Structures are given as structure tokens and as C-alpha cells.
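Asker: Before I ask anything, let me first share the structure, which is written out below as C-alpha cells.
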Amino acid sequence: MKKSKVFLITLTTLSLFFSCQKEANNDLESPQSITDQKLVNPEEAYPNRTGEVHSLYYGEQNVKVQAIDDTYVLGGDILFSKEDLKQNPEQVGAPSLTETADRSVGRTGRRWTNNTVYYTIDRNLVNQRRVTDAIAHWERNTALRFVQRTNQRDYIRFVTGSGCSSFVGKRGGRQDINLAPGCSTGNTIHEIGHAVGLWHEQSRVDRDNVVTINFDNIVERARGNFLTYAQQRQDGAEYTRNLDLGSIMMYGSFFFSANGEPTIVRKNGSTFNVQRDGLSAGDIQGINQMYPGSSNSDICDGVSAYVSGRSYPIGARVTFRGFLFERVSGGWDRLGQCG
Ligand SMILES: [Zn+2]
């Protein structure tokens, strides 16, 4: 432990030196903030572990994931359980009005209904304050409410893990947010972001307009984390107009660096500060579209009608005969009545 700390400090000092040499003419952030940025760790489910890569299907979408222990890991800290992913693409027909909303497999973008997230905190989790603080932050800034579970079927359990990680969206049943002792309140806010349906900000399809990914600087095991939705054929949707460098779901400039050089830079080559303090204005704007407050009472507002024969990604929503449906693994979930 002590040895690796010394090594880290040496490495940071060295790369700081090189950064200053190389970028002497650029508009640099203060050396102190650069040092801090290099010490911010990305959220990872299994730090420094690599699993065999599998090409599987989430609904009709192909995903490349690593198999580690009993889960598939995507993007460092995003988990899929083994039954979430299939060998072959899965196609479904029109929604059925008789179908119940009882499916138990995971789905991207699957929203929590009535803006309500149920949760428990495992009694052995250390520093539970970071969870209650993170929840308070979400409640202060969004229309989402977090309610301690009594007997609800679908809920989040905050529990000790090897790193910081979460599933994406409500997946049905109990879903864990894993928090190692080192995961901060900010990391917890980030993981809750995944659990309510957010992907990483740099996975946006329009991210190349704002940033450049330096794939040569990325450790090999993490290169997949830097692909866009389109490249990964995922069903991510973008709820704000522009990539938000200040998003709590955004990777930092030095995340997963193999050589101390930045992995993500602005188009002008400069690095930026990662923040894990709280939701950004852009995060809140996006969340408010996903989980509008009670003033927007019609759940079908802005949702298009189902079109026969069209392919819908998991997480897509349609209206059908006066009801709101969401595409899930294996079919459609009826979320509620329009109007
Ligand atoms: Zn993450």
C-alpha cells in the first residue's frame, strides 16, 4: 500500500512536469488542480480486473461486456446480471393490453414509476451517511423521491462491494448499488444516476463534437468504456442538447489512463475538471425530462404512438390504445393509462 502510494506521487509529479513542459503555451488550469484531477479515480466495479469479452444482446442491441464473477460489466461500473443478456437478438411484436408489468429481467432506461425509488441500506455498510447525503442531494434537485423499502418488490440495496457500481435503470426485484469504503458521496450520487437510468455522459453519440478521445492513452481493458452508444449499439437516449463536461456522469480527462496522459480532452486539446460534487444543471435538466414533476401529469405527453413493424430498443416508450408502454426484454411493460 505504502509503496504504491509513493509510486503514484512520483508518477503524478513526473507527469505534471511533462504536462507543463508540453502545454506551456496553452491556457492551463492551475498545477494544483491538475494534480488533483489525476488523483480522482473512475468508478469501477472490479478495479484492475479484466474478464473475457462477450458479444451478447440486450433486446435487439448488441453489447460487448466483460464477464467477471457472476455479472457482466460494461463501462467499468455498469452491471448486467447473466440473465439480462441473450445470445441472440430478441424481437417482439405489438404491445398487449393484457400483459402485466411483472417482468423481472433488466432493461436500460427502465424508469421507476411515480418518481419513486425504494431502497434499503445494508446494515454492514460503512459510512452510511454518504448514502443518505447522496439521496438528499437527489431529492433536493429532482422530482425523484427515495423511500425506505417495506415490502416493495423492486428496490435498490446499498451494500459493500469491491468498487463502486450499479445496474442501469430499474431492473425488477432487488438491485445492488455496490460501494467500497473508498466510494464517496459524489460516487454514490453517480451510481444512483445509473440506477435511475443514466449512462455515462461521454457515451453520447454527439460527444465527438465537443471532445476527442485519445484511445492510445487508455488502458486496454477500459477501451470499451469510451465507445459511444452508436458504436456499442446501445439504446441510450440523450435528454439534453449538448455534451455536458460538468455532468456527474462524465469521465474525467485522466480516467483509465495507461500512461498519465489524458484520455479525454476538449477539441482544443485542453483537459477539463471532472466533478463528483453533485448533479450539474444539465444533469438536472435531463432528469427532469425523464422524471417530470407532478405539473406534467400526463405520462403520455411527447410519446409517439406504436408503429407496427418498427424495431424498438429496450427502454423505448410508445402509446398504444390509450396506454403508455415501455419496451423491455421479452416484450412490453404497461406503465399506465394516458391522460
Ligand atoms: Zn459510472
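Each value in this text was obtained by applying a stated rule to the coordinates, not by laboratory testing. Please read all numbers here as calculations on a predicted model, not as lab measurements. Every residue, glycine as well, gets a Cβ built from its backbone with ideal geometry; the counts of neighbours run over all protein chains shown.
Asker: Rounded to whole Å, give me the distance from the Cα center of the stretch 232-277 to that of the stretch 301-320.
Answerer: One Cα centre to the other: 30 Å.
Asker: Check each of the trypsin sites (Lys or Arg not before Pro) in the stretch 110-180 and keep only those in coil by DSSP with at most 13 other C-beta atoms within 10 angstrom; list them in order.
Answerer: Taking the stretch 110-180 and a limit of 13 other Cβ atoms within 10 Å, the loop trypsin sites (Lys or Arg not before Pro) found are Arg123, Arg153.
Asker: Name the residues whose placed amide hydrogens come within less than 5 Å of the amide hydrogen of Val168, ignoring near sequence neighbours (fewer than 5 apart) on the same chain.
Answerer: Amide H neighbours of Val168, under 5 Å, 5+ apart: Leu79.
Asker: Right, another one. As a footprinting exposure proxy, order Leu279, Leu227 by other Cβ within 10 Å, with the fewest listed first.
Answerer: With the sparsest Cβ surroundings first, the list reads Leu227, Leu279.
Asker: On to the next question. Taking the highest mean first, how do the peptides 42-53, 255-266 order by number of other beta carbon atoms within 10 angstrom per residue?
Answerer: 255-266, 42-53
Asker: Of Val117, Val307, how do they rank once you tally other Cβ atoms within 10 Å and put the fewest first?
Answerer: Neighbour counts put them in this order, fewest first: Val307, Val117.
Asker: Name the residues whose placed amide hydrogens come within less than 5 Å of the amide hydrogen of Gln175, ignoring near sequence neighbours (fewer than 5 apart) on the same chain.
Answerer: Tyr155, Ile156, Arg157
Asker: Measure out, as a whole number of angstrom, how far apart the alpha-carbon centroids of the stretch 117-149 and the stretch 191-205 sit.
Answerer: So the two Cα centres are separated by 18 Å.
Asker: Follow-up question, since we're still on this one. If the limit is 30 Å between Cα atoms, which of Lys82/Lys267; Lys64/Lys267; Lys38/Lys86 go over it?
Answerer: Violating the 30 Å Cα-Cα cut-off are Lys82/Lys267; Lys38/Lys86.
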